[in-house]
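Reading through the structure tokens given below for one structure.
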Amino acid sequence: MTMSMAASHAKGKFATDNIFDANAAAVKAAVQFGKDKVTNATIGALLDDNEVLVCLPTVEKVLRNLPVEELINYAPIAGLPDYLDAVIDLAVDIHRPEAYIKAIATSGGSGVIHHTIWNYTEIGDTVLTTDWFWGPYRVLCQDALRKLDTFTMFDEQQHFNMVSFQEKVTALLAKQDSLVIILNSPAHNPTGYSLSDAEWAQVLNLCKEIAQDKSKKIILDVDIAYLDFAGEKAASRSFMKQFGGLPENILVILGYSMSKSFTAYGQRVGAMIGVSSSKDVIDEFVNINQYSSRATWSNINRGAMRMLATIYKDKSLLAQVDAERNRGYQMIQERAGIFTREAKAANLKMLPFFGGYFLTIPVNNPAAVCDKLHEDNIFAVPLAQGIRIAVCAVTSRKITGMAAAVAKAKAAV
Ligand code: PLP
């Protein structure tokens, strides 16, 4: 047996990272064959048509012009107050739900999920999400000594599968008194799916029905990491109005992230936004999550919070950021449009894509299909039941022909 110093719960932890491995293979191929010959569809960041990482120009300008004290100083643990006001407004826009709403700064959208799991489930509990999901959800659950279970995300018509959702929610709430449900919408990673307002209404109707039993608690963790790449501002937020007037035993937590919205990935800034009809629940939300921040990362990046607050307060800067981001959104939509049209022509089934950074092709043997694609110098991320294509990172020129290559690789394995 190998020597170990780790505590029993930590023994054997090893973060395998499909995305990192696939990217490393792409980087190696680029060195060997030339960057021009290699399509790297593994990167979860917006690259322009020269494959350069995009920083929204106004974000760069505001960040570089901040006084150095704003960059280096500590921030309040809960976050800068004007940052917190700004993120609530930026998240909900004109669709503010009728409810008590408060925000706490977190280390990115990841921090939101971390605190939600830690503070709203018991050790050993099961958290629920869709069967297509962002891998770190599982790591976040397991590291906190919780489990992750999934329901089937799509029905035969490629719509949100209410039947599977209902079955799993009901079964889990028969075993435990509270349930954290993570729903990543709009512009879900990895598929690009967005629940419609009608689908949200169905989700909430089920939650309300279950919540009639006051001994049950539902915490809906709505991961909105791709909100600003999901389409028109108001339309992509209209579902949020439905989070008003919910029973007290349903708490909605919006997981806001600056990573994509402000092209600020490594700055590690986000916010958890609690929405509840109970003042007590929201006061508790602020207290317990602030406490957990103190116990994990303490305070977060002051400079990036100040940058957002500065942009938010100056309506012309905000309009500039919206316009710059919209150009990025249009660029991704154009790439996804090329892939979608060519997939149709090649008879290649895709999962429904509306927006965001990724699209997904369901396949039976994802690793083998990805390996086969390497022969064409195309690198994508193998998932459990499909392959993920980062349309955020592949130029229109390189995405042309890619669907046909995927169809060929799929047929060959
Ligand atoms: N949620 C999803 C689905 C994501 O894909 C990401 C980032 O890739 C996040 C949340 C959180 O990102 P961050 O912690 O950088 O804000």
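Which one is surrounded by the most Cβ atoms within 10 Å (Cβ to Cβ), of the residues in the range 76-124 that are away from the ligand (no atom under 16 Å from the Cβ) and aromatic (F, W, Y)? Once the filter is applied, the top-ranked residue is Y120. Note on the range 251-285: residues that are part of a loop (DSSP other than H, G, I, E, B), more than 17 Å from I77 (Cα to Cα) and not polar (S, T, N, Q) total 2.
Out of A405, A323, A343, which single residue is closer than 20 Å to D36 by Cβ, part of a helix (DSSP H, G or I) and at pLDDT 95 or above? Break it down into steps so the answer makes sense when it comes.
Values: A323 fails: closer than 20 Å to D36 by Cβ; A343 fails: closer than 20 Å to D36 by Cβ.
Just a single option satisfies the conditions, and that option is A405.
Y137 meets each of the listed conditions (1) more than 26 Å from V381 (Cβ to Cβ); (2) within 14 Å of the ligand (Cβ to nearest atom); (3) aromatic (F, W, Y) apart from (1). Among residues of the range 366-389 that are of a type in the set (F, W, Y), those with a Cβ under 8 angstrom from a residue that is in a helix (DSSP H, G or I), sequence gap 6+ or separate chain, pair up as F379/A22; F379/N23; F379/A25; F379/A26; F379/A29; F379/C370; F379/L373. Checked against the criterion of being without any contact (Cβ under 8 Å) to a residue 24 or more places away in the chain and surrounded by 15 or more Cβ atoms within 10 Å (Cβ to Cβ), the range 157-164 contains one or more residues that satisfy it. So which residues in the range 167-185 are part of a loop (DSSP other than H, G, I, E, B) and out of contact with any Leu (no Cβ under 6 Å at 6 or more places or on another chain), if there are any at all? Of everything in the range 167-185, those that are part of a loop (DSSP other than H, G, I, E, B) and out of contact with any Leu (no Cβ under 6 Å at 6 or more places or on another chain) turn out to be Q176, D177.
What tally of residues in the range 178-205 results from selecting those that are charged (D, E, K, R) and either closer than 21 Å to L140 by Cα or out of contact with any strand residue (DSSP E or B) (no Cβ under 7 Å at 6 or more places or on another chain) (or both)?
Here the count works out to 1.
Would a scan of the range 129-138 turn up a residue that is surrounded by fewer than 16 Cβ atoms within 10 Å (Cβ to Cβ), free of Cβ contacts under 8 Å to residues at least 60 places away in the same chain and in contact with a Leu (Cβ under 9 Å, 6 or more places away or on another chain)? For the range 129-138, residues surrounded by fewer than 16 Cβ atoms within 10 Å (Cβ to Cβ), free of Cβ contacts under 8 Å to residues at least 60 places away in the same chain and in contact with a Leu (Cβ under 9 Å, 6 or more places away or on another chain): absent. Restricting the range 1-41 to residues that are over 20 Å from A368 (Cβ atoms) and polar (S, T, N, Q), which is nearest to the chain's Cα centre (by Cα)? The selected residue is S8.
Residues in the range 194-201: is at least one under 17 Å from V127 (Cα atoms), touching a Ser or Thr at 6+ places or on another chain (Cβ under 7 Å), touching a residue at least 60 places away in the same chain (Cβ under 8 Å) and not in a helix (DSSP H, G or I)?
Within the range 194-201 (the criterion being under 17 Å from V127 (Cα atoms), touching a Ser or Thr at 6+ places or on another chain (Cβ under 7 Å), touching a residue at least 60 places away in the same chain (Cβ under 8 Å) and not in a helix (DSSP H, G or I)), the answer is no, since none of the residues qualifies.
Going residue by residue through the range 9-22, is there one that turns out to be assigned to a loop (DSSP other than H, G, I, E, B), surrounded by 12 or more Cβ atoms within 10 Å (Cβ to Cβ) and aliphatic (A, V, I, L, M)? Scanning the range 9-22, I find no residue that is assigned to a loop (DSSP other than H, G, I, E, B), surrounded by 12 or more Cβ atoms within 10 Å (Cβ to Cβ) and aliphatic (A, V, I, L, M), so the answer is no. Every listed requirement among (1) more than 16 Å from the ligand (Cβ to nearest atom); (2) touching a helix residue (DSSP H, G or I) at 6+ places or on another chain (Cβ under 6 Å) is met by K208 save one, (2).
The values are calculated or read from the model by the stated rules, or taken from the named source; none is laboratory data. Keep in mind the model is a prediction, meaning the values are calculated, not measured. No Cβ is skipped: glycine too gets one built from the backbone with ideal geometry, and neighbour counts run over all protein chains shown.
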